[in-house]
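Reading through the structure tokens given below for one structure.
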Amino acid sequence: MALATTPAWAQQAKPLKKVRVAVGTSVLNVGYPMLTLPITLGYWKAEGYDVELMPVGASLQALQQMVANNADFAQVNASVVVQANSKNNLPVRVIMGNGIIDWSIAVDADGPIKSVKDLKGKTIGVFSLATGGIAYFNNFLRANGLDPTKDVDLVPLGLGAPPVEAMKSKKVDGLLYWAAAQAVFENNGLKLRKLVGDDWRSYPDYSLAAMQGTLDKDPELAIGIARGVAKATIYALANPECAVKLHWQHYPSTKPSGADEATLVKWDLNAQQAQLDSLAEGFKLNGGKLWGAADPAAFERLIKLMIEAKQIDKPVPAPSLIVKTPDFFEKVNAFDPKAIEADAKACKV
């Protein structure tokens, strides 16, 4: 396979194109190495792009920013892509399948809640009432004889200290969040038992999306952005500790405090590993050959789940959700992964 390289003189002669990526989060912490490392390591600049990451809240807000042309791409829950196509007939396309459903309902490890049925009458904290995990949560409740509209209350808490304080003060009985967020809660002293649907990790989740118009106008742009994400994913998996230290170097305000350096590294490795596990499982879920490739069969399962959860009223053809640019994922993967792994092991911080 030919390597995708650009001569140094060409990179210097051509000005970088400004690109914005809306991210379904409020804080770009170490849990997003596939998006932050392409900036830190210059992967996107090598493709000819000056990329700005825009943390805008939940996945729905990220999608809205892209639809409104305030962003070129959006990193969102896969369920939001399905909703956009099914409910609003918006031509949103997955250009990278990154992770799997790694959400859980975290409850006090020493508390009385031991199964999903014990959640009846309880209050659960969530990032926002538009967050993607609610669909899976509702389906999990229904499968166990509970009515999501009557048996459980949801309270939006955002990220950071509020979810931890809400658990400690017993304002909420549990926290419905993705794995990287739950890891941060544990770093902040919570001892958690996690309730997870048996099928959750068989569904695609965090995905990089684009509008069909963007793909029609400039398919090479999408390929270049996706390639940077693929390289960053390989780098972080090859050397997680280096990825953490690079993140601190480029985003110093996100470095935790209140402990010695070794403890701080341990905390952020824990938070990052949750995302890395999801990325690795996503790679396997989507065939295990091409980074970012999205499997229509996996999206078919997700669509069925969302209909059962009453999140959408009508199905959409799963293949229609995924980029159709010829050889798209082959072009995204047109680089030497061994070279990326070698760079990661060398770890030049």
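Which of the residues belonging to region 330-349 are surrounded by 13 or more Cβ atoms within 10 Å (Cβ to Cβ) and touching a helix residue (DSSP H, G or I) at 6+ places or on another chain (Cβ under 8 Å)? Quick ask: steps written out before the conclusion?
Let us first name the residues in region 330-349 that are surrounded by 13 or more Cβ atoms within 10 Å (Cβ to Cβ), namely 330-337, 340-341, 343-344, 347.
Listed by number, the residues that qualify are Lys331, Val332, Asn333, Ala334, Phe335, Pro337, Ile340, Glu341, Asp343, Ala344, Cys347.
Run Thr25 past the list (1) at pLDDT 95 or above; (2) part of a loop (DSSP other than H, G, I, E, B) and report the number of the one that doesn't hold.
(1)
Kindly state which helices (runs of 4 or more DSSP H) lie completely within region 181-254 and contain at least 2 residues that are within 18 Å of the chain's Cα centre (by Cα) and buried (at least 18 other Cβ atoms within 10 Å of the Cβ). Please lay out each step first, then the result.
Values: elements: 212-217, 219-238, 240-250.
Result: 219-238, 240-250.
Against the conditions (1) closer than 26 Å to Leu237 by Cα; (2) surrounded by 16 or more Cβ atoms within 10 Å (Cβ to Cβ), where does Leu305 fall short? Just the number, please.
Evaluating Leu305 over (1) closer than 26 Å to Leu237 by Cα; (2) surrounded by 16 or more Cβ atoms within 10 Å (Cβ to Cβ) leaves (1) as the failure.
Which one is farthest from Trp103 (Cα to Cα), of the residues in region 255-277 that are among the small types (Gly, Ala, Ser) and within 20 Å of the chain's Cα centre (by Cα)?
Ala271
Which of the residues spanning region 136-151 are open to solvent by 10 Å² or more (accessible area, probe 1.4 Å) and of a type in the set (A, V, I, L, M, F, W, C)?
Taking region 136-151 as the starting set, the residues that turn out to be open to solvent by 10 Å² or more (accessible area, probe 1.4 Å) are 138-140, 142-151.
Those that are open to solvent by 10 Å² or more (accessible area, probe 1.4 Å) and of a type in the set (A, V, I, L, M, F, W, C): Phe140, Ala143, Leu146.
Which one is surrounded by the most Cβ atoms within 10 Å (Cβ to Cβ), of the residues in region 28-60 that are in a loop (DSSP other than H, G, I, E, B) and hydrophobic (A, V, I, L, M, F, W, C)? Outline the logic, then answer.
Step one: of region 28-60, the residues in a loop (DSSP other than H, G, I, E, B) are 28-32, 41-42, 48, 56-58.
So of that shortlist, the ones also hydrophobic (A, V, I, L, M, F, W, C) come out as 28, 30, 41, 56, 58.
On the way: Leu28: 19, Val30: 29, Leu41: 21, Val56: 21, Ala58: 23.
Within region 28-60, the match that is surrounded by the most Cβ atoms within 10 Å (Cβ to Cβ) is Val30.
Condition first: within 11 Å of Val82 (Cα to Cα) and in contact (Cβ under 8 Å) with a residue 24 or more places away in the chain. Now tell me which residues in region 314-336 satisfy that.
Matches in region 314-336: Lys314, Pro315, Val316, Ser320, Leu321, Ile322.
If I filter region 66-77 down to residues being farther than 22 Å from Leu157 by Cα and in contact with a strand residue (DSSP E or B) (Cβ under 6 Å, 6 or more places away or on another chain), which single residue comes out as surrounded by the most Cβ atoms within 10 Å (Cβ to Cβ)?
So the first thing to find is which residues in region 66-77 are farther than 22 Å from Leu157 by Cα, and the list is 66-74.
Right, trim to in contact with a strand residue (DSSP E or B) (Cβ under 6 Å, 6 or more places away or on another chain) and you get 66, 71-74.
Working: Met66: 27, Ala71: 24, Asp72: 23, Phe73: 28, Ala74: 31.
Checking each candidate, the answer is Ala74.
Is one or more of the residues making up region 110-126 among the hydrophobic types (A, V, I, L, M, F, W, C), open to solvent by 20 Å² or more (accessible area, probe 1.4 Å) and within 25 Å of Ile303 (Cα to Cα)?
Applying the first criterion (among the hydrophobic types (A, V, I, L, M, F, W, C)) to region 110-126 yields 113, 116, 119, 124, 126.
Then drop every residue that is not open to solvent by 20 Å² or more (accessible area, probe 1.4 Å), which leaves none.
The answer is no, given that none of the residues of region 110-126 is among the hydrophobic types (A, V, I, L, M, F, W, C), open to solvent by 20 Å² or more (accessible area, probe 1.4 Å) and within 25 Å of Ile303 (Cα to Cα).
Exactly one condition in (1) farther than 24 Å from Cys242 by Cα; (2) out of contact with any strand residue (DSSP E or B) (no Cβ under 6 Å at 6 or more places or on another chain); (3) of a type outside the set (D, E, K, R) is false for Ala294; which is it?
Unmet condition: (2).
The values are calculated or read from the model by the stated rules, or taken from the named source; none is laboratory data. Source: prediction; values computed, not measured. Reconstructed Cβ throughout: ideal geometry from the backbone, glycine too, with neighbour counts over all protein chains shown. The area values use the complete protein model at the heavy-atom level, side chains included, leaving out ligands, DNA and RNA. Shrake-Rupley method; radii C 1.70, N 1.55, O 1.52, S 1.80 Å.
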